[in-house]
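> Take this structure first; my questions come after.
Where a number appears in this text, it was derived from the coordinates with a stated rule and is not lab data. Remember, predicted model here, so these are calculated numbers, not experimental data. Please note: Cβ atoms are built from the backbone with ideal geometry, for glycine as well, and neighbour counts cover all protein chains shown.
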Amino acid sequence: MAYFQRETRELVNLDSCELIRSQFGLVSEYWTSVALDYFAEVSDQLLPSAEPSETFFRLLLAALDSLQPAEAARAWRAVTYFSLWALRLSGWLPEMNVCLGCGSVLGDRETSERAFFSRGQAGLVCGHCRGTLAAGTAWELSVESRALAAEMLRRPVAQISGANWDQATASDLRRFLVQQIEAHVERRLTTARLLETELGAASF
């Protein structure tokens, strides 16, 4: 891509653009096409204007590669992985094993403490501190989803099994991550609601 920009203008003039690898084949599967729109919306909201980010670019490439071939299961895995790492690279991913209220360790599968979150809360709270959340606005983040998040932070997306994913898989984790993104960009993500429509999660 070649472009030029005048000092006094925010918009650039595009001179030429060469398509290196097409993603057009992915749009034939509905959930995959929505995932592509979600990647674009989140990237537009999180990335600073006119500032290149090599790490975020590599995240996008990895997420796009993981969508091949276009299958719904791959889309759910890619969206969850991308959301987690988009927050991590932006510096906004909260601790997921420590209670925001009392600082207690939420634990692992064997010694797990229940964890809860709510919109506008920058992290997780334990069952004891759940009372600090407004009534009716708390969701639980399961120990399985917390373990999956920890695995995704250690391993590339291609090494996360995507064969058995569906819309319900890690839906609580996606809700938590989307709410964290929306809290920092101070707006609701249109594509996030599209992704979770059939689960009745319009209250994202």
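> Could you tell me which Cys residues in the chain have no other cysteine's Cβ under 4.7 Å from their own Cβ, answering none if every one has a partner?
Isolated Cys, the chain: 17, 102, 129.
> In terms of modelled amide H atoms, which long-range or inter-chain residues lie less than 5 Å from the amide H of residue 141?
Amide H neighbours of residue 141: 115, 116, 117.
> To the nearest 0.05, how large is the calculated FRET efficiency for residue 92 and residue 142 if R₀ is 22 Å and r is the Cβ-Cβ distance?
In this case the efficiency is close to 0.50.
> How do 76-89, 149-162, 28-41 rank on mean C-beta neighbours within 10 Å, highest first?
Answer by packing, highest mean first, reads 76-89, 28-41, 149-162.
> Which residue fluctuates most in the GNM of the chain (Cα springs below 10 Å): 19, 189, 67?
It is 19.
> Here's another thing I want to ask about it. Suppose every K and R has +1 on its Cβ and every D and E has -1 on its Cβ; what is the size of the dipole of the chain about the Cα centre, in Debye to the nearest 20?
About 320 debye.
> Let me ask another. Starting from the Cα gyration tensor of the chain, multiply each eigenvalue by 5, take the square root, and state the resulting semi-axes largest first in whole Å.
Square roots of five times the eigenvalues give 32, 20, 16 Å.
> Excluding residue 44 itself, what net charge comes from residues whose Cβ is under 12 Å from its Cβ, given Lys and Arg +1 and Asp and Glu -1?
-1
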